[in-house]
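Undergrad: Mind looking over this structure? Questions follow.
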Amino acid sequence: MEQKANGISLMSAILNNIPADAKITRIEYEGPRIALYTRNPAFLHNNSYVISEIVNTLKKRVVTRTEKSIRKPESEARQTLEKMLPPSAEVSNYFFDDALGEITVEAGNPRVLGQEAGFDLGSTMDQTGWKVKVRKAPHIKSTAIQNVYYAMKAGSDLREKFYKELGEAIFRPRLTSAEHVTIKTLGAFQEVGRSCVLVETSESKVLLDCGIHPGSRNAWDAYPRLDWADVSPGDLDAIIISHAHLDHMGFLPAMYKYGYDGPVYCTEPTLPLMSLLQNDFVKIALIEGGRLIYDQKDIRDMVQHAITLPYGMVTDVTPDIKLVFNNAGHILGSATVHLHIGDGAHNIVYTGDYKYGRTQLFDSATWNYPRVETLITEGTYGNKEDIMPVREEVEMNFVNAINGTLKGGGKVLIPIPAVGRAQEILLVIDQYMRNKVLVEAPVFTEGMISEATAIHVSYADYLSRELRTKILEEGVNPFKSEYFTEVEHPSNREEAFREGPAVIMATSGMLEGGPVLDYFENIAPSERNQILFVSYQVQGTLGRRVLDGSSQASLMDQGGKIKIVDVRCGVQKIEGFSGHSDYNQIIRFIGKLRPKLQQVLVGHGEKRKTENLAYAIQRIYRVPTLHPAVQEAIRVY
């Protein structure tokens, strides 16, 4: 079967090489995939080699879909599944995706629905006419996951049309055989915040990340500089998000507000995490009277244009760019972005934030790419002094810092990002309290920590090997503990404020809004209390000012009045819990890459750190290395 550039030739090639018994009724573009619609799903399920041969020949992603005429109505399909699925699966929810003809089954015990347990999911498709996927049910109802389901359901017709139009754009013939690749730095170079990189080729304009600067006080420094690049949202072919932190995706819904209607590519857990944090960003802006740069409608638009991908899957995103996500080890679903450009012309790896080292939550970042010519690496910890202690020392430093305050009857406030560090710290606290190394005291959590943790449980296959085994195979939830109390509403904070030792974990991690500010106001004035930072504090944030020794902080109440809070409590930063690679880890990561790089760009770090790291990389590996500022264009091919 000969693949041709023309889409019609692609379709006819498939039709000419598929058995009549498959009963293929139509072939449609489905974004970066080609969808085969069938009235006989059992045939393709039992003869999977047919699809494999097409994929191997065309080098395109091909999926099978059931024709709408054979899909049972939702209520009937649900009843059929309830009879077919064993009670031991503990099914708690069904989501029907009309646009794709898929049912997502959330099961408390998903392992009994796997092939290893002898259960054939193909039979459910035969009986219902829908394709069935299984995912771990979260231990509490996840509003963020439900919001994603709702947005997808409400936008089913829009999504069907979007997938078809996107596929036509991706699989169109190329306009030119010329090859050139330019990188434009629109944010987070010689700074941390508003990560954004524009990759331009002769065919495509693709944005890597689209963040905000949490500590900025003016629009020029807060948002990506698309104006400088002379690019409007409608000019872009795709936006690729490395992970769900606001400094990497906080501006994304605004792109839809101002004219972008293309795809956003991210990993599967990144989508509900993005929705969670963006909705919270809107909520805080409304409460505090801040800049409302988008609203919930724009977030729904983003969800309806999202295409989620697992690690390791090669996907066409434009006529001349293929994308592969790989584990970055930073937070749940975080990914390094590998772009294969042209017909083998050039390969770019954009690391986003990555951790080249194991943690309790995640395996170490992937390094074994087939080819990389240009690496864009973070330099958050780019100084030689930025070397993390070994993990056991980190945890003992943390435990000792808390014990000193708890033994004196004080409270420890841990400002924490809801995603990543919160779950890591929960695991550490539970382990050391159970082992009687950490003083037993109530641990209060507030903000989005519980919601984010539920998403971690639901997407446990993105966690470390040990956690995956515990959650998916042993049915153990390591994030639940007798020591933890969730503060579900501000009116329930009295217990946390009562006299006596306690640990309080609240969002946000940089004291830039959220419930942590009420705790900060209560805890900061007393010398027997402590604020313990465990995550990076961006320049310009209140967290950074407190960490740097500010004796007073100004807070705004709900009435818009400024309050001055004296900071008399202890303030400490525990190094080593960061989800970023330290200096040594970055150097080791680059040394692992084969064949040798042609060039390195260092970003996502303060100027002094990116300068130092760029110099070290060039000196050690003899690779041309740049540390550009925002608003620079670099021709890399």
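Undergrad: Working only within region 27-73, note down all residues that are farther than 19 Å from Arg172 by Cα, of a type in the set (Phe, Trp, Tyr) and in contact (Cβ under 8 Å) with a residue 24 or more places away in the chain.
TA: Tyr37, Phe43
Undergrad: Which residue out of Ile293, Ile299 is assigned to a loop (DSSP other than H, G, I, E, B) and closer than 16 Å to Gly259 by Cα?
TA: Ile293
Undergrad: Moving on to the next point. Take Glu82 and decide whether it is crowded, with 18+ Cβ neighbours inside 10 Å, outside the structural domain of Thr315 (by TED's automatic domain parsing) and not aliphatic (A, V, I, L, M).
TA: no
Undergrad: Filtering region 404-436 down to residues that are in a helix (DSSP H, G or I) and among the hydrophobic types (A, V, I, L, M, F, W, C), which residue is farthest from Phe577 (Cα to Cα)?
TA: Once the filter is applied, the top-ranked residue is Leu406.
Undergrad: Same structure, new question: Taking into account only those residues within region 510-561 that are under 23 Å from the mean Cα position of the chain (by Cα) and of a type in the set (Phe, Trp, Tyr), which is surrounded by the fewest Cβ atoms within 10 Å (Cβ to Cβ)?
TA: It comes out as Tyr536.
Let's see how each residue does on (1) under 25 Å from Arg194 (Cα atoms); (2) modelled with pLDDT under 95:
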{"position": "Pro515", "(1), (2)": "yes, yes"}
{"position": "Phe533", "(1), (2)": "yes, no"}
{"position": "Val538", "(1), (2)": "yes, yes"}
{"position": "Gly559", "(1), (2)": "no, yes"}
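Undergrad: Hey, another quick one. What number goes with the only condition from (1) more than 23 Å from Gly447 (Cβ to Cβ); (2) without any contact (Cβ under 8 Å) to a residue 24 or more places away in the chain that Gln146 does not pass?
TA: (1)
Undergrad: Quick one: in region 463-509, of everything that is farther than 24 Å from Val534 by Cβ and of a type in the set (A, V, I, L, M, F, W, C), which residue is nearest to the chain's Cα centre (by Cα)?
TA: That would be Leu472.
Undergrad: Answer yes or no as to whether Lys470 is charged (D, E, K, R), out of contact with any Gly (no Cβ under 7 Å at 6 or more places or on another chain) and touching a residue at least 24 places away in the same chain (Cβ under 8 Å).
TA: No, not satisfied.
Undergrad: With Pro19, Pro32 as the choices, which residue is at negative phi, at pLDDT 85 or above and buried (at least 19 other Cβ atoms within 10 Å of the Cβ)?
TA: Pro32
Undergrad: List the residue pairs whose Cβ atoms are under 8 Å apart, where the first residue sits in region 296-310 and is in contact (Cβ under 8 Å) with a residue 40 or more places away in the chain and closer than 23 Å to Arg33 by Cβ, the second is of a type in the set (Phe, Trp, Tyr) and in a helix (DSSP H, G or I), and the two are 6 or more positions apart or on different chains.
TA: Note: pairs meeting the criteria are Asp301/Tyr256; Met302/Tyr256; Gln304/Phe162; His305/Phe162; His305/Tyr256.
Undergrad: Still on this structure: I'd like the residue in region 35-61 that is surrounded by 14 or more Cβ atoms within 10 Å (Cβ to Cβ) and of a type in the set (Phe, Trp, Tyr) and, out of all such residues, is nearest to Ala306 (Cα to Cα).
TA: Going through the qualifying residues, I end up with Tyr37.
Undergrad: Failed condition for Phe119, given (1) buried (at least 17 other Cβ atoms within 10 Å of the Cβ); (2) modelled with pLDDT of 95 or more; (3) closer than 24 Å to Ala137 by Cβ, with all others met?
TA: Going through (1) buried (at least 17 other Cβ atoms within 10 Å of the Cβ); (2) modelled with pLDDT of 95 or more; (3) closer than 24 Å to Ala137 by Cβ one by one, Phe119 breaks only (2).
Undergrad: Another one. Of all residues in region 332-385, which are in a loop (DSSP other than H, G, I, E, B), closer than 19 Å to Val623 by Cβ and of a type in the set (S, T, N, Q)?
TA: Once the filter is applied, which keeps residues that are in a loop (DSSP other than H, G, I, E, B), closer than 19 Å to Val623 by Cβ and of a type in the set (S, T, N, Q), region 332-385 yields Thr351, Asn368.
Undergrad: In addition: Looking at (1) crowded, with 17+ Cβ neighbours inside 10 Å; (2) outside the structural domain of Ile27 (by TED's automatic domain parsing), which is the one condition that is false for Thr64?
TA: Every condition holds for Thr64 apart from (2).
Undergrad: Let me ask something else about it. Given the options Thr485, Thr453, name the one that is polar (S, T, N, Q) and surrounded by 23 or more Cβ atoms within 10 Å (Cβ to Cβ).
TA: After applying the criteria, what remains is Thr453.
Undergrad: Mind checking which strands (runs of 3 or more DSSP E) fall wholly inside region 551-624 and carry at least 2 residues that are over 18 Å from Val538 (Cα atoms) and not assigned by TED's automatic domain parsing to the domain that holds Ser526?
TA: In region 551-624, 599-603 are the strands (runs of 3 or more DSSP E) which contain 2 or more residues that are over 18 Å from Val538 (Cα atoms) and not assigned by TED's automatic domain parsing to the domain that holds Ser526.
Undergrad: Can you pull out the residues in region 77-105 that are acidic (Asp, Glu) and touching a residue at least 12 places away in the same chain (Cβ under 8 Å)?
TA: Across region 77-105, the qualifying residues are Glu90, Asp97, Asp98, Glu102.
Undergrad: Sticking with this one: Do we have any residue at all in region 509-517 that's acidic (Asp, Glu) and farther than 26 Å from Tyr354 by Cβ?
TA: no
Undergrad: Also, quick follow-up: Can you tell me which residues in region 173-209 are touching a helix residue (DSSP H, G or I) at 6+ places or on another chain (Cβ under 7 Å), within 19 Å of Thr315 (Cα to Cα) and either outside the structural domain of Leu323 (by TED's automatic domain parsing) or buried (at least 24 other Cβ atoms within 10 Å of the Cβ) (or both)?
TA: Matches in region 173-209: Asp209 only.
Undergrad: Output the residue which, of all residues in region 398-428 that are in contact with a Ser or Thr (Cβ under 8 Å, 6 or more places away or on another chain) and among the hydrophobic types (A, V, I, L, M, F, W, C), is nearest to Val567 (Cα to Cα).
TA: Here the answer is Val412.
Undergrad: Anything in region 159-194 that is out of contact with any Ser or Thr (no Cβ under 8 Å at 6 or more places or on another chain), not in a helix (DSSP H, G or I) and not β-branched (Val, Ile, Thr)? List them, or say none.
TA: Result: Phe171, Arg172, Pro173, Arg174, Ser177, Lys184, Leu186, Glu191.
Undergrad: Continuing with this model, one more query. Please state which of the following conditions Trp228 fails to meet, knowing it meets all the rest: (1) buried (at least 21 other Cβ atoms within 10 Å of the Cβ); (2) touching a residue at least 40 places away in the same chain (Cβ under 8 Å).
TA: (1)
Undergrad: Can you work out which of the residues in region 443-452 that are of a type outside the set (A, V, I, L, M, F, W, C) and assigned to a helix (DSSP H, G or I) is farthest from the chain's Cα centre (by Cα)?
TA: If we take residues in region 443-452 being of a type outside the set (A, V, I, L, M, F, W, C) and assigned to a helix (DSSP H, G or I), then Ser450 is farthest from the chain's Cα centre (by Cα).
Undergrad: While we're here: Could you please tell me which pairs satisfy a Cβ distance under 7 Å, a separation of 6+ or placement on different chains, a first residue in region 445-461 that is in contact (Cβ under 8 Å) with a residue 24 or more places away in the chain, and a second residue that is surrounded by fewer than 24 Cβ atoms within 10 Å (Cβ to Cβ) and polar (S, T, N, Q)?
TA: Glu451/Thr143; Val457/Asn477
Undergrad: Go through region 162-199 and give me each residue that's over 30 Å from Met152 (Cα atoms), of a type in the set (D, E, K, R) and under 27 Å from the mean Cα position of the chain (by Cα).
TA: Passing the criteria: Lys184, Glu191.
Undergrad: Right, here's the next one. Show me the strands (runs of 3 or more DSSP E) entirely contained within region 202-288 in which 2 or more residues are at negative phi and among the hydroxyl-bearing types (Ser, Thr, Tyr).
TA: Qualifying strands (runs of 3 or more DSSP E): 264-267.
Undergrad: Within region 244-280, work out how many residues are in contact with a Gly (Cβ under 6 Å, 6 or more places away or on another chain) and surrounded by fewer than 22 Cβ atoms within 10 Å (Cβ to Cβ).
TA: Adding up the residues that qualify gives 1.
The values are calculated or read from the model by the stated rules, or taken from the named source; none is laboratory data. It should be emphasised that the depicted structure is a prediction, and the values quoted were computed from it without experimental measurement. Don't worry about glycine lacking a Cβ; one is built from the backbone with ideal geometry, like all the others, and counts go over all protein chains shown.
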